[in-house]
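Here's the structure we're looking at; comments come further down.
Rule-based calculations on the coordinates, nothing more; no lab input. Everything numeric here is computed off the predicted structure, so don't read it as measured data. All Cβ positions, even for glycine, are placed from backbone atoms using ideal geometry, and neighbour counts span all protein chains on display.
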Amino acid sequence: MRAMLIIAGRDLRSRLRDRSGLVAGIVAPAALAVIISLAFSGAGTDPVRLALADADDSDLSADIAAELREAMDDVDEVVLVDAASRAEASALVDDGEVGAAVVLPEGLQEALEEATGEPEEVAVGVIGGTGAPLSTAIAEGLAGAVAAQVEQTATAVAATVATGVQQAVAEGAFAAPDDADDADDADVALDDDLTALLLPPGVEGFEELGEEAAQAEAALALEEAGGAEDRLDAASYFGPSMAVLSALLVVTTAPRALIRERRTGTLQRLRAAPIPAWAPAAGLGVSVAVVGLVAMLVIQGIVAVALGASLGDPLGLLALSLAVVAFAGALSALIASLVRTESQADGLATAVTFSLALVGGHFIELHALPEGLQTLALATPNGWALRGYTALAADGASVTEILAPIGVVLGFAVVLVLLALPGLRRQGA
Amino acid sequence: MPAMTSTEADTGTPSAGPMPLVRCEGLRKAFGSLVAVDDVSLAIAPGEAYGLLGPNGAGKTTAISMLCGLLAPDAGTVHVADEPIGVGRATGKQHLGLVPQELALYGDLSARENLVLLGRLQGLRGATLRRRVDEVLEIVGLADRAGDRLETFSGGMQRRPSIAAGLLHRPRLLVLDEPTVGVDPQSRNAILEQVAALSAEGTALLYTSHYMEEVERVCDRVGIMDGGRLIAEGTRRELVTRIDAADRVEVEARGDLDALASRLRALDAVAQVDHSDGGLLVLASEGRAVLPELIAAAQALDVALSGVEVAEPDLEAVFLSLTGRALRD
C-alpha cells in the first residue's frame, strides 16, 4: 500500500507540473460545460415572433385568437403579433418582422355552424418564413392545435344538436328515419338527408356522435411534454455530463502512462525494488483516479457557482462521482490489457470515450435522443450515471434513491476489471 | 580490485569456496519458439565482480531480468543471500541494486527527487534517506547538479544518477546491464572507474556487456553467453588457457638476435621464437614471466633492446575460438 501511494504521489506531481494535462482534463471540459449550458439554456436569445391573422373576423375566430393569445402570454419564448389579414401576415413574414404566421381562415365559423366541414375547408393556414424553421414549426404546432380544437368543437356542436334531436324524437317531436312514414304528431321526419346533415363526416350514427362528443377536449392549451429532463435546466444537465466526460478523458490516460513507463524502463526500475508487483500499476491508477475525481468536482462546482446549476444532494453527487471514477479506472485497465503502444492506447481511449459520450447523452439530452438511442444509452454506464445525476438534480433524490445507477456503474466496473485481468497478467503489469 | 593479470593464480570457482551470494540454477526462458535463455547456471561470491559477456541477442538481459525478479523463468531458480527471487515477490530484492540499460528514471524530476522516490521504495525514510541520497550523489559526482531535472543532463551524465539509484540501499549485489552503451568515451571511462571502485569496496557486481575490454577491466570472473547458453565460465586466465593461446612478446633489438633467440627457446615458458622485422617475436604461455630472463639474456649477449611489448590473448579470441564468430559481429 505504501509503495502504491508513493508511486501515485510521484505521478500526481508530474501531472501537476505538466500543465497541458490540467488544461485537457479540467479546464477544457469546464469550459465546454459552460459553453454548452449557455447554448442550450437559451439565455440571451430573442423570443420567437409569430403573426396571428384573423381572416374570418367572426365571433368564433375572435374567441380562438383570444385563447391563443392567452396561452402565449404564459410562454416567454413566443410573442404573438396581430395581423389584420392574411396579406398583412404574409408581409410581416417576408419583411422578417416575424418568423412565421398563423392564419385563421375565412369561413371558419360558417363551416362550423354548418357542421359539415371537411378538414380541408377549415384548414388553419401557416405562412412559414425562409430560414426560420423553429418559428415555422411552432406556427404549425399552433395551427394543428387550432384545427384539432375546431374539429372537436364541430363534433361537440353536432353532438349537442343530435342529442337534442334524439330527445325530440323520444318526445315525439321528430320521427326516427325508419318511422317517418308512421309519424302522426311528428313535425319533422328524420329522413336520410336530414340525418346526413346532422352527422359530421365519418360518423355513422347518433350513438357514435355522442361518444365522440364525450371525448371532446376543452380549451386550447400548450402542454409541457417530456420527463424530468425537460424540467432540468441546461447547466444542471450538462455540468454533470461534462464532468463524467472529463473523468473518462483523464482516467483513460493511465494506459498510456503505463506503457510509457514500460518503454522507458522506469516500470522495470520500480519492480526491481522490494515492492508488490501490482504496486506500480495500482499507483498510476490511484493518481489518475484522484485527478479524475477532482476534475469532476471542479467542473460541477464551476457550473453550480457560475451558472446557478442545481446539482442535488452532495453526498449522492460524491457517491455517484466515485462510482464513475471507478468505472473509468476499470475501463483504463481493460484498455491497458489490450494495447501495446502509446498511440494505440490514445486511439482506443479516445474512440471508446467519445462513443460512450455520444450514446450516453453527453452532448444531447437523453430525452431528446431518438427512442432507440435512449434505450441504447441504458447499455452504457455513463448513461446510467447521467440518469442518476438527473434524479439528484431534478427530482431531489437522495443517495439511497440513486443506488440503482450507482450499482449499475459499479457493476460495469467489476466486469471490465475481470475482463482486463488476464491481459494484464500476461503483460506482467 | 586491480586489473587482471596473466600471472593471477587460479584458485578455482567461487562456488567451491564460501557460500555464494547469488545462485542461479537451470534458468530457462522462451518467447514463443525463440529460446532466449537455455539452462543457465551461475554463482557469484560475496564481493566478487562477475562479468557476463556476449554479443547482442545472446540472452544477457533476459538472464539478469530473471535474476532480478523482473521476468518469470520457464524453469530454474534464483537465490540471492539464500532468499528466493521471483516475480511478485518483494523478499530478497533488498539485496539487489539494478542499473538497467535504459536510463529508467523520470526526466521531469531532478536527480535528488528521483533518488528520494526510489529510496522510499527501498524502505529508506527521513534523515537516513536524505543523508544517503547526499552520499550517493557525492559518489557519482552529481552533488552540484542534484536539483537539476534529468532531462537537462547529457547522455553520459544521465548514467550517473542511474548508478546512484542502484546504490541507494547499499545492495550486496549491484547489477549493471550494459551501463556504457551510447555513452561518450570520457563518461564511459568515468563509469568504469566508479564501478571498479565499488568492487574494491566489497560490493559484488554482475556486469553485462558486449565490450570485452570493459569486462576484462572490471571483472574477476567472466561468463560467456551465446545463443542463450553459458558456453564458458572462469577467470580470464582460465578462459584464455582453455583455448590454449599464447602471449605474444614483440622484441625490438639490435645485435646477435640468433643467439638471443636460442637462449629464449631454451626457456620452458617459451613455445616459439621467430625473427621479425627489427627484432624477435616470442610466443610464450606467460609472456610477462619471460621478461626478466629476456632482459638478462640480452644483457649477457650485449643485445640492445629498444622495445618490448607483451600482447596477451583476450576474451575476443576466446569467443572467436568457442563460437567461430567475433564478439561484435
- Task: Report, by chain and number, residues whose modeled amide H sits under 5 Å from the one on A:Ser58, excluding near sequence neighbours (fewer than 5 apart, same chain).
- Result: none
- Message: If you average the alpha carbon positions of region B:144-202 and of region A:357-389, how far apart do those two centres end up, in angstrom?
- Response: 56 Å
- Item | Using alpha-carbon coordinates, inclination of helix B:111-121 to the longest axis of chain B, degrees | 70 degrees
- Message: From the phi angles alone, apply the Karplus equation (6.51, -1.76, 1.60; θ = phi - 60°) to region B:304-310 and give each ³J(HN,Hα) in whole Hz, x where the residue is Gly or Pro.
- Response: 8, 8, 10, x, 9, 10, 9
- Karplus (6.51, -1.76, 1.60) ³J(HN,Hα), θ = phi - 60°, over region A:284-300, in Hz, Gly and Pro reported as x: 4, x, 4, 4, 5, 5, 5, 4, x, 5, 4, 4, 4, 5, 5, 4, 5
- Message: Under the rule a/c < 1.5 gives rounded, and otherwise a/b versus b/c splits prolate from oblate, where does region A:242-348 land using the Cα gyration tensor?
- Response: prolate
- Once amide hydrogens are built 1.01 Å from N within the peptide plane, the residues lying 5 or more places from A:Ala309 or on another chain with amide H under 5 Å from its amide H are A:Ala304
- Note on the structure: Quick shape check on chain B: root eigenvalues a ≥ b ≥ c of the Cα gyration tensor, a/c under 1.5 is rounded, otherwise prolate if a/b tops b/c, else oblate, and it reads prolate
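Tally Lys/Arg at +1 and Asp/Glu at -1 over every other residue whose Cβ is under 10 Å from the Cβ of B:Asp314; what's the total?
Net of charged neighbours comes to -3.
Order of A:Asp346, B:Asp256, B:Asp177 from fewest to most other C-beta atoms within 10 Å?
Values: A:Asp346 17, B:Asp256 13, B:Asp177 24.
Placing the least packed residue first, the sequence is B:Asp256, A:Asp346, B:Asp177.
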- Query: What order do you get for B:His79, B:His275, B:His210 when you list them from fewest to most C-beta neighbours inside 10 Å?
  - Reply: B:His275, B:His79, B:His210
- In whole Hz, with x marking every Gly and Pro, tabulate ³J(HN,Hα) for region B:290-295 from phi via Karplus 6.51 cos²θ - 1.76 cosθ + 1.60, θ = phi - 60°. 7, 4, x, 6, 4, 5
- Which longest run of chain B has no exposed loop site in it, a site being trypsin sites (Lys or Arg not before Pro) in a DSSP loop with at most 16 other beta carbons within 10 Å, and the site itself not part of the run? B:126-324
- Helix-derived mean residue ellipticity, 222 nm - over chain B, DSSP H n ≥ 4, -39500 (n - 2.57), to 500: -10000 deg cm²/dmol
